[in-house]
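Nothing in this text is a laboratory measurement; each read-out follows from the coordinates by a stated rule. None of these values were measured; they are calculated from a predicted model. No Cβ is skipped: glycine too gets one built from the backbone with ideal geometry, and neighbour counts run over all protein chains shown.
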Amino acid sequence: MTPEQTETTGHGDISVGVAGSGDSSASATRITPGNALRPEDIALEVRTGLVKPSEDVAEYALRLGDDALILAQRLGHWISRAPELEEDVALGNIALDQLGHARSFLTYAGGAWEKSEDELAYFRREHEFRSAHLFEQPNGDFAVTIARQFVVSYYQFELYRRLTQSTDATLAAIAAKAVKEVDYHRDHSAQWILRLAQGTEESRQKMIHGLKLVWPYVAELFADDELATRLAEAGAAVEPSSLKADFDRLTGEVLAEAELEVPQTPAAPGGGRRGKHSEHLGYILAEMQVLAREHPGASW
Amino acid sequence: MASQNLQPVPEALSPEDQERAAQLEAEGQAYFDRVMSDDSRIEPKDWMPAAYRKTLLRQISQHAHSEIIGMQPEANWISRAPSLKRKAILMAKVQDEAGHGLYLYSAAETLGQSRDKMMDDLIAGKARYSSIFNYPALTWADMGAIGWLVDGAAICNQVPLCRASFGPYGRAMVRICKEESFHQRQGFEILLELSNGTPAQKQMAQDAVNRWYAPALMMFGPPDDDSPNSKQSMAWNIKRFSNDELRSRFVGMMVEQVRVLGLTLPDSEVRFNEETKKWEHGPLDWEEFKEVLAGRGPCNAQRLERRREAHDDGAWVRVAAAAYAEKQLAKQARKHAEKEYAA
């Protein structure tokens, strides 16, 4: 590739990754089997007493796990309904990645309370979930899903990139695996932001509308609270507000390239980290948990 | 946009051209015949008889459609999968099926028909897909039974297709069979877990096996004496074994495996015939098979409607992506021209 070509390539060029601060040459799909961190490995470490999260770390892991779990549940709905077969595969892949991260975080969190990932996922009630409101927002049309994914992937990338430096080795290890995958999610969503914003007038209007719908839930992602601050000071977690500048800059670059404005919608109050959720979560959990709760104690 | 016919036939030929065409046709046929007798491979650019092309196009596109429609009964349980591990496996499996559809549509495209046209035919109800997917997936155990029986039958059918005479089809099947084998094992594992679980779980597993057994056996197609196309497909080295032969082998495998599962097959007439050395099974309801094939199955309308809905809802996205790609190309061309001018 000539220098002339590289300098013009941004997110619009499918042949290159996302330009950014991440390790975009790393492949999430070429991890040698056996080296990849699996939820089962964490479960084993928890069971054998090799690791045990503090109450604070477990609470924090629960937040990240719930974010990923609820999003996976949302995204999974697209499989067999996407606009193109390639997107059935792509959205399915992102859902799978999120589910993998959720399983790791929940397994680790459960170590503090002697609960398995499934006990946490299937037998907690709405107010016990710690996910932020953005993740439970409905899929809407494809543009809404892309808008949500765009915010999520840029947020998660900044978060996981920093979390790889966590003093908590398990959080760092989960983040190290996740950040490579989320980098692809950024690429995917940014490409679609550009395509939809600059495709047709109809797609542009839908993209603008999609961003407007999800933007009220952006602020909650960057809100600090006692737990996050306490853990950040100890070096185990990342203070949410510290991600904001990079998030704004990088999403701003994509939006500018797409000739879109950052939506100026008022922020919703959120409250997911304290168990206060929107109307949507109840339906998500009702569907997700129904079978497991019909057969309490059963193994699958 | 790909044209619908990638190899257009000129309208009128001069006498010389006609003679030349006839000669090419004869040479092509001779080459084709040699490939068949050597049990070697035909590639997309090789000459092939029109009927061979048509048969393959029908078979591969139907196979692709089956993968795509086949995503639906399983996608139906992704949101309710009873453990996160099972949810992950199921998602990966349904995603694999979309991938299989993609390879197969690509293989079919090498025969001269675009994916758009094939998709349009499917949605218009003009194309067929495996009628097994017109049965409903009613319980979680159906995820096990579909994997074990339906994917198991598909593997029996498809392993010989890895040697199909048409190169792109055979190669696509190699990869598909590897993934199908994983799918079957995950189905078996689901049933095994249920069978060793609570009485309600075991009952759920047995009920699913009871419902999927006969439809799975019918996936091999009508009995040999009622399968008019089989003979030609075998002569063309597409099909390697007859429907009944494959069905019998499948029954033999299931008999062994169902014991390990601790479940039973809903067929009291399964037996090994010592004379023919073949497994036999009880009578199948071929009237029901024909009814489902004719569009009168439990889920035919539902499955097609879901595909149509996804296709229609996504139309604006595909149009936008195409428009964007065109604009990007034009932009690049403009930049290139400016650079040339500057130089």
For helices (runs of 4 or more DSSP H) lying entirely in segment A:68-175, having 1 or more residues that are more than 16 Å from the chain's Cα centre (by Cα) and surrounded by 24 or more Cβ atoms within 10 Å (Cβ to Cβ) picks out A:85-110, A:117-122, A:142-163
Among the candidates B:Pro222, B:Pro228, residue that is surrounded by fewer than 16 Cβ atoms within 10 Å (Cβ to Cβ), out of contact with any His (no Cβ under 7 Å at 6 or more places or on another chain) and more than 16 Å from B:Val159 (Cα to Cα)
B:Pro228
Counting only helices (runs of 4 or more DSSP H) entirely within segment B:133-214, those with at least 3 residues that are within 18 Å of B:Met253 (Cα to Cα) are B:151-158, B:167-195
Name the one entry in B:Val255, B:Val319 that is of a type in the set (A, V, I, L, M), surrounded by 14 or more Cβ atoms within 10 Å (Cβ to Cβ) and within 14 Å of another protein chain (Cβ to nearest Cβ).
B:Val319
Is there a residue being free of Cβ contacts under 8 Å to residues at least 40 places away in the same chain, in contact with a helix residue (DSSP H, G or I) (Cβ under 8 Å, 6 or more places away or on another chain) and not in a helix (DSSP H, G or I) anywhere in segment B:86-97?
no
Identify, from the list A:Ala68, A:Ala102, A:Ala43, the residue that is in contact with a Ser or Thr (Cβ under 6 Å, 6 or more places away or on another chain), within 14 Å of another protein chain (Cβ to nearest Cβ) and among the small types (Gly, Ala, Ser).
A:Ala43
Take the conditions in a helix (DSSP H, G or I) and at the interface with chain A (Cβ under 10 Å from one of its Cβ atoms) and apply them to B:Ala107. Does it pass?
no
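Results for (1) among the aliphatic types (A, V, I, L, M); (2) closer than 23 Å to B:Val260 by Cα; (3) surrounded by fewer than 24 Cβ atoms within 10 Å (Cβ to Cβ), shown as yes or no for each residue.
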{"position": "B:Tyr129", "(1), (2), (3)": "no, no, yes"}
{"position": "B:Phe133", "(1), (2), (3)": "no, no, no"}
{"position": "B:Ala153", "(1), (2), (3)": "yes, yes, no"}
{"position": "B:Pro168", "(1), (2), (3)": "no, no, yes"}
{"position": "B:Arg171", "(1), (2), (3)": "no, no, yes"}
{"position": "B:Glu189", "(1), (2), (3)": "no, yes, yes"}
Tell me which of these B:Glu305 doesn't satisfy, since it passes every other one: (1) within 14 Å of chain A (Cβ to nearest Cβ); (2) free of Cβ contacts under 8 Å to residues at least 12 places away in the same chain; (3) more than 30 Å from A:Arg195 (Cβ to Cβ); (4) within 26 Å of the chain's Cα centre (by Cα).
(3)
Do you know which of the residues in segment B:272-302 that are surrounded by fewer than 16 Cβ atoms within 10 Å (Cβ to Cβ) and aromatic (Phe, Trp, Tyr) is nearest to the other protein chains (Cβ to nearest Cβ)?
B:Trp286
Residue by residue through segment B:259-280, note down the ones that are in a loop (DSSP other than H, G, I, E, B) and within 30 Å of B:Lys202 (Cβ to Cβ).
B:Gly262, B:Leu263, B:Thr264, B:Leu265, B:Pro266, B:Asp267, B:Ser268, B:Glu269, B:Val270
Sole exception among (1) facing chain A (nearest Cβ under 7 Å); (2) surrounded by 22 or more Cβ atoms within 10 Å (Cβ to Cβ); (3) not charged (D, E, K, R) for B:Leu102, by number:
(2)
Looking only at segment A:243-273, count how many residues are in contact (Cβ under 8 Å) with a residue 40 or more places away in the chain, of a type in the set (D, E, K, R) and closer than 22 Å to A:Arg63 by Cβ.
2
